[in-house]
1. Read phi for every residue in segment 87-101 and hand back ³J(HN,Hα) as whole Hz from Karplus 6.51 cos²θ - 1.76 cosθ + 1.60, θ = phi - 60°, with x for Gly and Pro.
2. So, counting K/R as plus one and D/E as minus one, what does the shell of residues with Cβ under 9 Å around Ser197 add up to?
3. Rule-of-thumb check for the chain: C-alpha Rg over 2.2 N^0.38 Å?
4. Could you list the trypsin sites (Lys or Arg not before Pro) in segment 150-212 that lie in coil according to DSSP, counting only those with at most 13 other Cβ atoms within 10 Å of their Cβ?
5. If you plug each phi of segment 411-428 into the Karplus form 6.51 cos²θ - 1.76 cosθ + 1.60 with θ = phi - 60°, what whole-Hz ³J(HN,Hα) values come out, in order, with x for Gly and Pro?
6. Tilt of helix 269-280 relative to the longest C-alpha principal axis of the chain, in degrees (0 to 90, nearest 10)?
7. Once you have the Cα-Cα distance between Asn102 and Gln178, take 0.36 nm times their residue separation minus that, and quote the gain in nm to one decimal.
8. Starting from the Cα gyration tensor of segment 236-378, take the square roots of the eigenvalues, sort them a ≥ b ≥ c, and report rounded, prolate or oblate (rounded when a/c is under 1.5, otherwise prolate if a/b is larger than b/c, else oblate).
Amino acid sequence: SIDPCNPAAVNNMRPKTPHSKRRNLLFLILYKALNFLRIAPVIFLVLCLQSLWWFYDQNVTKASKHKIPKIYPKPTESSPLSPFYSDPYNGYARVFPKWDQNQFPCGPMIPDDSLGKRTPSEEGFLFVKEMKSGSTTLAGITARIGRNLAQRNFGANATTSCTVRMVHTRARRYAKRQLAKSFLWSVVREPVSRLFSKFFHFEVSRRGVNPNLAKFQTFLSNNEVNDYAYYFKTLSVRQRLNPYRTDLYETFLQELMDGYNFIGIMERFDESLAALQLLLGLETQDMLYLSTKTSGMYDRFRNDCVKIQHAEVTQLMKEYVYSPIFEAFTEGDVLVYQAVNKSLDLTIDQLGRPEVDKAVQRLQWAQKRAEEKCAGGTKFPCSNEGKVQEKNDCLFADVACGYKCLDDFGKSLSENQDFRSLIESQLQ
């Protein structure tokens with residue numbers, strides 16, 4: 001029986017005429033349309049943003065738009081990894097002058113456990129740490145210089161240092177530094193070599209990615225926001241430089257270079273350290289180090305150790321490096337690298353090339369013997385078998401490993417007869 005008081009039941013008993021079917025379909029369409037209108041603004045906004053991003057990518061950030069491409073011959077196995085240095089560099093370069101203040105820019109004394117600070121500083125010995133440019137080793141040298149000078153020149157105790165900064169950070173943190181009380185420096189690496197080193201370190205070694213051309217191209221695409229014109233982004237001190245304004249690169253370059261007391265070249269590591277030593281009036285013992293991130297060693301990654309793989313660049317990868325697209329991607333970094341390389345030459349000429357050569361010779365002599373004495377007995381964050389070593393001989397993290405042994409060896413240099421003989425032979 002049908003309950004006459006239940007409209008739904010009565011409605012269900014009504015015959016379905018074509019008219020009622022059309023009416024129900026109309027109601028359904030109207031209902032869907034109203035629901036669509038509710039989300040239409042969101043859909044419209046998403047489409048607008050997507051169109052804007054596509055336009056920006058194609059007309060502003062796309063690397064191939066940045067300059068007229070240069071055609072390079074197809075590389076062979078014997079071709080250099082980077083083809084961008086066949087023409088002489090005639091752009092801006094400068095001499096980095098000797099530190100002319102009365103004493104080393106020590107800044108306030110800080111305890112060893114504050115050496116890893118990321119906060120900006122207006123005083124002290126400030127190192128801008130560039131990704132995959134020998135920066136961990138250079139950070140260790142920075143730390144040891146700060147500690148050695150605090151103890152040698154200012155009578156500090158063995159766990160105190162001059163103010164130093166040496167962590168990965170943008171140089172704009174030091175925009176307000178006091179020029180008479182701070183020394184700002186960095187080291188750059190050949191851009192192609194740096195990109196491959198970063199790819200093999202973070203993708204191949206740490207993530208187990210297969211090192212082929214497709215993966216390398218994906219890596220570059222995913223990291224364009226960081227690695228396109230990397231040096232302009234990270235080394236600029238006074239303002240944020242727009243890396244896509246290639247028409248202003250020469251202006252950007254001079255502003256960047258003038259913001260530093262010294263910039264070295266990783267491929268000229270010993271020369272760069274010797275020049276830094278002479279600019280600041282340091283001693284050979286201050287420049288000693290133990291490397292912690294060379295291929296074949298283990299690197300601490302989170303709670304594990306991963307083996308650092310050697311960068312095996314395939315022929316297809318090299319051919320991609322010789323392409324106009326890749327040249328445009330590295331254009332800004334190559335310009336900075338050439339300017340720094342030329343500036344290092346000018347600085348060495350100003351210091352006196354014979355004097356720099358002698359400093360290099362002393363450094364290489366001492367470095368070889370320091371490694372022989374200290375490397376084997378130093379506990380790094382990862383053992384030779386890839387085991388985590390929480391208790392190690394590093395100053396902090398993986399920085400300045402073996403510093404106590406290096407300190408002891410460095411102090412003994414002045415009494416080392418062979419080292420003194422080397423110095424005496426250089427004076428003749």
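Values quoted throughout were computed directly from the atomic coordinates according to the rules given, and no laboratory measurement underlies them. For clarity, every value in this text was computed on a predicted model and none was experimentally measured. Note: ideal-geometry Cβ built from the backbone for every residue, glycine included; neighbour counts use all protein chains shown.
1. 8, x, 8, 10, x, 5, 8, 8, 8, 7, x, 5, 5, 9, 7
2. Around Ser197, the surrounding residues sum to +4.
3. Against the empirical 2.2 N^0.38 Å value, I get 1.37 for the chain.
4. Passing sites in segment 150-212 are Lys176.
5. Working through the residues one at a time gives 5, 7, 4, 5, 9, 7, 5, 5, 5, 5, 5, 4, 5, 5, 5, 6, 7, 6 Hz.
6. The angle comes out at about 70 degrees.
7. 25.9 nm
8. In terms of gyration-tensor shape, oblate.
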